[in-house]
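Asks: Submitted below is the structure of interest, expressed as structure tokens.
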Amino acid sequence: MNYQNLSGEVITPQNTDYDEARAIYNAMIDKKPAVIVKCKNTQDVVNAVNYARKNNIEVSIRSGGHNGAGLALVDDGLVIDLSQMNDITVNPNTKTAIVEPGNTLANLDAATHEHGLALPSGIIGTTGIGGITLGGGLGYLSRKAGLTIDNLLECEVVLANGEIVTANKDINSDLFWALRGGGGNFGVVTSFKFNLIDVKNVYAGPMFWPIEQAREAMEFYDKFTKNASNDLYGFFAFLIVPPAAPFPEHLWNQNVCGIVWNYTGPIEKAEEVFKPIREFGPPVLDFVSEIPMTALNTMFDALYPPGMQWYWKAHYIKELTPESIKINIEHGSKIPTMHTTTHLYPVDGACHEVSNSETAWANREARWAQVIVGVDPNPDKADEVTNWCKTYFDALIPHAMGGAYVNFMMNEGQERIKAAYKNNYEKLVIVKTKYDPNNFFHINQNIKPKG
Ligand SMILES: Cc1cc2nc3c(=O)[nH]c(=O)nc-3n(C[C@H](O)[C@H](O)[C@H](O)COP(=O)(O)OP(=O)(O)OC[C@H]3O[C@@H](n4cnc5c(N)ncnc54)[C@H](O)[C@@H]3O)c2cc1C
């Protein structure tokens, strides 16, 4: 194949940096693309799209390469790699940012933090803004200001026919609706415009309780956060304490439960807000204090460097019941490796102020998106962490809402994708059929066009 009429750096299996270029965050994925095009600008993306379409080559889209299922890559196809498109322009007057898709959350957080602003998004700095946004975007500021898509104002998109279009509430509003949760199904987003919120320092960090106290801790968490103001966010976790500083040595390798908090209300009120939390238990570890938002957003980056084995399963959870708490404790007490964990990410608060029909993201009645992740650096542990994950997931099925957050799914089949979008699926099919009738963009949690 002659790739000469592609602009952007072109990497094929003959290049010495091919293996580096095809490496993604999840080392369980080993796909071998025919060509990786490192786009520098929107025109490079147009050229790559046109080239692949004319030559009948499958394409995948890569921003941060974090997707658990490895959807950034395609075997024998062409990868539209956006990692070098990483401009960010923050406008402190309008409290908005124009962001290219190759940025990580850490880049973006650093740029907005300078102005005392933040974008509600995920909890690990190495995640790509492209994939997280288009799938929804859950994180420490979700209860305060909604999902990332609730703060998305506009996108520039390269469609399957190579056309560059704008999508916002007024222009191509159907496309804009679909981009807010529908993933990479509709085109390559080459620029995002976001609304930013006022957040600089927060009162945040992890608190742990002994596993023997997990039932009381979950019950307390459930009740306490249900009535809390949207300024208080906390995700519940089962985990193994990392055997390293800053964790105290007596806790190393202990299986515990915990909550990672983020309070964004008036800092002088923080101690009072946390008084009942600290009185409950009390916790065996309390690292909650005033820190910059950027420190919170990157707190776990070193613990989870790229290149480990990851297997993901996920549920939406409406309520915690005595039975579901029991199941969580049963499996949360048998975490097989130190990096393996489960998190219950709140999607209530401000997320509930948007209706299911306003964006493609269709699960606003959930209180949590629960992710169960088997993780380990050692490939020999891949089966063990995968099995734990699947068993835990299966046990929770009767207590979950059906469907899952698309950004937490592996390749789980068409029924799971339909379940993720519920009543919005049919409308997504209509939008897909209009903008990508031949399903050119299908290396994703795929919404199939009609016909
Ligand atoms: C360690 C870790 C922590 C995470 N934490 C969170 C979290 O806190 N909150 C949360 O919501 N999610 C979280 N996720 C999940 C994350 O949202 C997904 O993995 C997401 O796909 C990552 O985006 P990316 O750009 O890095 O992905 P990539 O692997 O680069 O892309 C994934 C897919 O997204 C689509 N896509 C990406 N960019 C574009 C684009 N510019 N145009 C069109 N389509 C595009 C494509 O279909 C692509 O295949 C986390 C993942 C990891 C591994």
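The values are calculated or read from the model by the stated rules, or taken from the named source; none is laboratory data. Values in this document were obtained by computation on a predicted structure and should not be read as measured data. As a convention, Cβ positions derive from the backbone with ideal geometry for all residues, glycine included, and neighbour counts pool all protein chains shown. Ligands, DNA and RNA are stripped out before the accessible areas are found, and what is left, the full protein with its side chains, is counted by its heavy atoms. Shrake-Rupley method; radii C 1.70, N 1.55, O 1.52, S 1.80 Å.
Asks: Which is farthest toward the positive dipole end of the chain among 88, 254, 189, measuring Cα position about the Cα centre, with Cβ charges +1 (Lys, Arg) and -1 (Asp, Glu)?
Replies: Selected residue: 189.
Asks: How large is the charge dipole for the chain, taken about the Cα centre, if only the Cβ atoms of Lys, Arg (+1) and Asp, Glu (-1) carry charge, to the nearest 20 debye?
Replies: Computed about the Cα centre, the dipole is about 1040 debye.
Asks: Can you list the GluC sites (Glu not before Pro) in the range 298-349 that are in a DSSP coil and have 12 or fewer other beta carbons within 10 angstrom?
Replies: Taking the range 298-349 and a limit of 12 other Cβ atoms within 10 Å, the loop GluC sites (Glu not before Pro) found are 319.
Asks: Just the number, please: carbon plus sulfur as a percent of the accessible area of the chain, 1.4 Å probe, no ligands or DNA/RNA counted.
Replies: Roughly 50 percent of what the probe reaches on the chain is carbon or sulfur.
Asks: Assuming R0 = 30 Å, what is the FRET efficiency of residue 390 and residue 326, from their Cβ-Cβ distance, to the nearest 0.05?
Replies: 0.95
Asks: Right, here's the next one. Using the Kirkwood formula over every pair of different C-alpha atoms, what hydrodynamic radius in Å results for the chain?
Replies: 22.3 Å
Asks: So what's the net charge close to residue 381: Lys and Arg +1, Asp and Glu -1, counting the other residues with Cβ under 15 Å from its Cβ?
Replies: Once positives and negatives cancel, what remains is -2.
Asks: Let me ask something else about it. If I take every Cα pair under 8 Å that is 6 or more residues apart in the chain, average their sequence separation and divide by the length, what percent do I get for the relative contact order?
Replies: The value is 17 percent.
Asks: With r defined as the distance between the Cβ atoms of residue 170 and residue 383 and R0 fixed at 41 Å, what FRET efficiency is calculated, to the nearest 0.05?
Replies: 0.20
Asks: With just the Cα atoms defining each centre, how far is the range 181-252 from the range 271-322? Give it in Å.
Replies: The range 181-252 and the range 271-322 have Cα centres separated by 4 Å.
Asks: So if I take the centroid of the Cα atoms in the range 420-450 and the same for the range 331-371, what is the distance between those two points in Å?
Replies: After rounding, the separation between the Cα centres reads 23 Å.
Asks: Would you mind getting the accessible area per residue of the range 52-171, heavy atoms of the protein chains only, 1.4 Å probe, in Å²?
Replies: 33 Å²
Asks: What number comes out for accessible area per residue over the range 248-337 if the probe is 1.4 Å? Units Å², please.
Replies: With the other protein chains kept in place, the range 248-337 gives 46 Å² per residue.
Asks: Suppose each label sits 7 Å from its Cα in the direction of the beta carbon; what would the residue 397-residue 54 distance come out to in nanometres?
Replies: Rounded to a tenth, the inter-label distance reads 4.8 nm.
Asks: How much accessible surface does residue 303 have with a 1.4 Å probe, in Å² rounded to 10?
Replies: 50 Å²
Asks: Please report the accessible area of residue 12 (heavy atoms, 1.4 Å probe, ligands and nucleic acids excluded) in Å², nearest 10.
Replies: Ignoring ligands and nucleic acids, residue 12 comes out at about 20 Å².
Asks: Could you list, in their original order, any pairs among 313/381; 95/422; 40/448 whose Cα atoms are separated by more than 28 Å?
Replies: Listed pairs above 28 Å: 95/422; 40/448.
Asks: Given 138, 128, 149, which one lies farthest toward the positive end of the charge dipole of the range 88-198, if we put +1 on the Cβ of every Lys and Arg and -1 on the Cβ of every Asp and Glu?
Replies: Going by the charge dipole, the pick is 138.
Asks: Please return the longest range in the chain lying between exposed loop sites, taking trypsin sites (Lys or Arg not before Pro), DSSP loop only, at most 12 other beta-carbon atoms within 10 Å, and leaving the sites out.
Replies: Formally, the longest exposed-site-free interval is 170-449.
Asks: Rounded to whole Å, give me the distance from the Cα center of the range 372-389 to that of the range 59-101.
Replies: Measuring centre to centre over Cα atoms gives 27 Å.
Asks: Quick one: ranking 17, 75, 170 by accessible area, 1.4 Å probe, largest first, what do you get?
Replies: Listed by decreasing accessible area, they come as 170, 75, 17.
Asks: From the P(r) of the range 9-81, can you give the percent of Cα pairs sitting at distances over 14 Å?
Replies: More than 14 Å apart: 55 percent of the Cα pairs in the range 9-81.
Asks: Just need the relative contact order of the range 88-198 here, percent rounded to a whole number, with Cα pairs under 8 Å and 6+ apart.
Replies: It comes to 32 percent, rounded to a whole number.
Asks: Where does helix 322-332 land angle-wise versus the long Cα axis of the chain, in degrees 0 to 90, nearest 10?
Replies: Approximately 70 degrees, to the nearest 10.
Asks: Projecting each Cα onto the charge dipole of the range 9-81 (Lys/Arg +1, Asp/Glu -1 at the beta carbon, about the Cα centre), which of 14, 41, 28 comes out farthest on the positive side?
Replies: 41
Asks: Between residue 279 and residue 227, what length in nm is gained on full extension when 0.36 nm per residue of separation is reduced by their alpha carbon distance?
Replies: 17.0 nm
Asks: Kirkwood hydrodynamic radius, the range 201-408, all distinct C-alpha pairs: what's the number in Å?
Replies: Over the range 201-408, the inverse of the mean reciprocal pair distance is 17.7 Å.
Asks: With n ≥ 4 as the cut-off for DSSP H runs, can you work out [θ] at 222 nm for the chain, using -39500 (n - 2.57) per run divided by the number of residues, rounded to the nearest 500?
Replies: Value at 222 nm, helices only: -7500 deg cm²/dmol.
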